[in-house]
Amino acid sequence: MPDLRVTPKQDLDDAKEVASELGMETRFIDIAPIHRTFMKNLEPDRLAEGNLRARIRMALLYYHSNRVNRLVVGTGDRSELLAGYFTEAMMVWISFPSGTSTKPR
């Protein structure tokens, strides 16, 4: 879910290649129109806007996961687990068989 105004084309190409190699279904959604709508009512702030983009991605991930009855699973690592902080903007949604653990090992 790139913001095509700021995401380098190489990042998109890399993501498509990795997903293809892993046999993953992909859907690319440009979040720029959603971000612009938010910013019509907010004061510009570079740091806050970066966080806003992450939250837009998170909301879209949860929306689509609910539509297809799947889970949103974070890609966090052990350092994030220890710190208690996870970047939900870097999540994928996939199906898991019941009883599957998603906790990092």
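The values are calculated or read from the model by the stated rules, or taken from the named source; none is laboratory data. As the structure is a computational prediction, the values presented were derived from the model and not from experiment. All Cβ positions, even for glycine, are placed from backbone atoms using ideal geometry, and neighbour counts span all protein chains on display.
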Scanning the range 23-76 residue by residue, those free of Cβ contacts under 8 Å to residues at least 12 places away in the same chain and among the acidic types (Asp, Glu) turn out to be Glu25, Glu43, Asp45
Counting only residues that are surrounded by 11 or more Cβ atoms within 10 Å (Cβ to Cβ), at pLDDT below 80 and within 17 Å of the chain's Cα centre (by Cα), give me the helices (runs of 4 or more DSSP H) lying completely in the chain with at least 1 of them.
78-83
